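What follows is a set of notes on a single structure, which appears directly below.
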Amino acid sequence: MSQGPRSGLAAVSAALLAMSRHLEVRDVLKTIVASARELLDAQYAALGVPDDHGGFAQFVVDGVTDAQWKAIGPLPRQHGILAAMLQEAKVERLADVRADPRFEGWPSAHPEMSDFLGLPIRDGDETIGALFLANKRCARPGGGCGFTAEDEELLSILAQHAAIALTNARLYERSRELTIAEERSRLAHELHDAVSQKLFSLRLTAQAAAALVDRDPSRAKGELQQVAALAAEATEELRAAVVELRPAALDEDGLIATLRTQIQVLDRAHDARVTFAGNGFRALPAAQEEALLRVAQEALHNALRHSGAEHVDVSVNRRGGGAVLRVTDDGAGFDPHVIRSAGRHLGLVSMRDRASGVGGTLTVESAPGKGTTIEMEVPGG
């Protein structure tokens with residue numbers, strides 16, 4: 001690099017330190033891509049994590065605006081140069097990617113790229129990603145000067161450490177998911193045992209009351225009072241269980257981190273691009289944060305399972321002393337009045353109940369072919 005080995009080493013060190021600061025997979029991917037682009041002074045950088053179906057579970061870019069990324073469309077498939085890096089696990093350094101016989105074109109909105117440097121990210125024998133850069137910046141008249149052997153060496157060093165950071169982040173997420181799953185399983189068993197016993201008692205007492213109604217009304221009245229008492233106890237136990245079922249991550253990490261993690265998982269699991277932004281947010285009372293999380297989960301479920309959306313955007317922002325959640329998709333949309341009159345709710349009743357239960361409001365904007373926006377606002381604590 002023109003800045004010399006010392007500054008190059010310092011840049012690599014800064015990139016490695018940046019990667020080590022993150023534990024969430026998506027954050028690690030973004031840091032790798034941004035670090036690579038800055039380190040090698042490239043106009044564009046991207047990192048694809050392959051799935052098992054010929055596509056990418058995640059694809060992170062740097063140097064492309066949100067508007068450009070949205071216009072490009074669905075995530076790329078594993079073909080051409082990308083497939084070569086994943087399948088052959090070797091470095092690709094090209095003067096002009098468009099001249100390579102494996103080049104298969106790109107969408108019309110895709111930015112023009114020429115010089116290209118790409119290499120696999122490997123964990124042992126497994127290729128866990130493909131990192132590439134395009135359009136090396138250069139002061140030489142007439143265009144880019146192309147990536148050098150030194151650039152290739154620096155990117156290889158970065159990729160080796162990126163593999164470690166990415167593997168650690170994956171292990172961290174899996175350990176958290178296992179902890180949450182174990183806790184939910186424990187609570188489910190407790191809930192089943194406690195409520196089953198109460199319901200069994202309720203059933204027997206109600207049967208006894210029915211048998212006594214005609215021949216001993218006063219005793220039947222006593223049995224019915226017992227039914228009411230048992231029902232109240234069951235209600236209290238259910239309420240206590242629901243409080244315990246508040247997501248462990250919500251208490252540990254707060255609403256923003258919990259939503260970001262869950263949305264990253266959904267982004268990997270679905271074809272649709274799912275994004276999240278949280279700005280100017282401060283902690284709210286526990287009940288309000290849980291309500292916001294549950295509404296977000298319900299809205300995401302609808303968007304990803306029913307709407308056919310290609311993009312789903314979630315945001316949480318401060319509004320006055322409270323907060324506002326927005327979930328927007330570009331899916332098929334629907335007529336809210338038709339849904340209501342047909343007796344189908346898509347979870348809207350539940351979402352409205354959750355919002356009103358914490359003093360908030362829920363609005364739904366949708367129309368056939370126009371996508372859907374669900375907004376929930378809660379006051380400050």
Leaving out ligands, DNA and RNA but keeping every protein chain, what accessible area does Tyr172 have, in Å² rounded to the nearest 10, with a 1.4 Å probe? 60
If R0 = 45 Å, then Arg174 and Asp214, at their Cβ-Cβ distance, give a FRET efficiency to the nearest 0.05 of 0.15
What number comes out for the charge environment of Asp66, summing +1 per Lys or Arg and -1 per Asp or Glu over other residues with Cβ under 15 Å away? -2
Whole-Hz Karplus ³J(HN,Hα) for the stretch 150-167, in order, using 6.51 cos²θ - 1.76 cosθ + 1.60 and θ = phi - 60°, x for Gly and Pro? 5, 4, 4, 5, 5, 5, 5, 4, 4, 5, 4, 6, 4, 4, 5, 4, 5, 5
Under a point spin-label approximation (7 Å from Cα along Cα-to-Cβ), what is the His301-Trp106 distance to one decimal in nm? 3.8
Starting from the amide H of Cys138, placed 1.01 Å from N in the peptide plane, find each other amide H under 5 Å away whose residue is 5 or more places distant or on another chain. Cys145
In nanometres, the difference between 0.36 nm per residue of separation and the alpha-carbon distance of Thr65 and Glu233 is 54.9 nm
Residues with amide H under 5 Å from that of His311, placed H, sequence gap 5 or more: Arg273, Asp330
In Å, what Rg and Dmax follow from the Cα atoms of the stretch 269-321? 12.7, 36
When you count, for each residue, the other Cβ atoms within 10 Å and take the mean per peptide, how do 223-233, 367-377 rank with the highest first? 367-377, 223-233
Can you list the HN-Hα couplings for the stretch 77-89, worked out from phi with the Karplus curve (6.51, -1.76, 1.60; θ = phi - 60°), rounded to whole Hz and with x for Gly and Pro? 8, 7, 8, x, 5, 4, 5, 4, 5, 6, 8, 9, 6
Per residue, how large is the accessible surface of the stretch 45-152? Use a 1.4 angstrom probe and give square angstrom. 49
Provide His161, His337, His311 ordered by accessible surface of protein heavy atoms (probe 1.4 Å), highest first. His337, His161, His311
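The values are calculated or read from the model by the stated rules, or taken from the named source; none is laboratory data. Only a predicted model underlies this, so the values are computations on that prediction, with no experimental measurement involved. All Cβ positions, even for glycine, are placed from backbone atoms using ideal geometry, and neighbour counts span all protein chains on display. Side chains included, ligands, DNA and RNA excluded: accessible areas come from the protein's heavy atoms. Shrake-Rupley method; radii C 1.70, N 1.55, O 1.52, S 1.80 Å.
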